[in-house]
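The values are calculated or read from the model by the stated rules, or taken from the named source; none is laboratory data. In this text the structure is predicted, and so the values were computed from the model without any measurement. For neighbour counting, all protein chains shown are included, and Cβ atoms are generated from backbone atoms with ideal geometry for every residue, glycine included.
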Amino acid sequence: MKELSLHLLDVAKNSVTAGARHVDISLEEDPQGWLTVSIRDDGRGMAPEFLARVTDPFTTTRTTRKVGLGLPLYRLTAEQTGGSLDIRSQVGRGTTVTARFQRRHLDCPPLGDLPGTVAMLIQGSPDIEFTYRHTTPNGAVELSTAELRDILGEDVSLAEPEIFAWIQDYLTEQEEQAAVDIDPAAMIEGEIT
């Protein structure tokens, strides 16, 4: 995948498919250029035997095809930047997928359209409770669907096009204020200077 937001979308959709009622998405960037992306849910979770094989491309719960490339590609993307992927899960309690990326590494894909991705997740699963937090050295962006429901009332669906547009605009404005510039001069042949 060419953008980290697409990996985030894939993992979060896995959470929804696993029956999660709450999905917490957290991105933390530090001054050294490390990005930690954590997606935590309260879905079905995975048995230890399945968890041990989950990053194998030939392990999937899908019945329409025999390969699942989402987590294997996510792990590869993280490792290519000098980072890692960690998956913790308990049956009946949920799953946490945490990936670390060195944003200054030449092989690190761009963040992509985080506001559009989060808005699409909410619109596509309006009954799920999502929390989103992106922390950078310049500030933080936060959004909670529980807080949106408190403000809007139960009669307004988060799937409405106007709500989608508002979420996307709000997050775009907040992301621009909290953005961290990656200096291309700090990247030389994939090494951090």
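Could you tell me whether Ala78 is in a helix (DSSP H, G or I), over 19 Å from Ala178 (Cβ atoms) and of a type in the set (Gly, Ala, Ser)?
Values: in a helix (DSSP H, G or I): yes; over 19 Å from Ala178 (Cβ atoms): yes; of a type in the set (Gly, Ala, Ser): yes.
For Ala78, the condition - in a helix (DSSP H, G or I), over 19 Å from Ala178 (Cβ atoms) and of a type in the set (Gly, Ala, Ser) - is met.
Filtered by the rule that a residue be under 15 Å from Gly112 (Cα atoms), of a type outside the set (A, V, I, L, M) and at pLDDT 90 or above, segment 175-193 gives Glu175, Glu176.
Looking across segment 35-72 at every residue that is at pLDDT below 85 and among the hydroxyl-bearing types (Ser, Thr, Tyr), the one that is nearest to the chain's Cα centre (by Cα) is identified as Thr55. Which residue pairs have Cβ atoms closer than 7 Å, lie 6 or more positions apart in sequence or on different chains, and pair a first residue in segment 1-24 that is touching a residue at least 12 places away in the same chain (Cβ under 8 Å) with a second residue that is aliphatic (A, V, I, L, M) and in a loop (DSSP other than H, G, I, E, B)? So the pair list comes out as Glu3/Leu111; Leu4/Leu111; Ser5/Leu111; His7/Met1; Val16/Ile128; Ala20/Ile128; Arg21/Ile128; Val23/Ile128.
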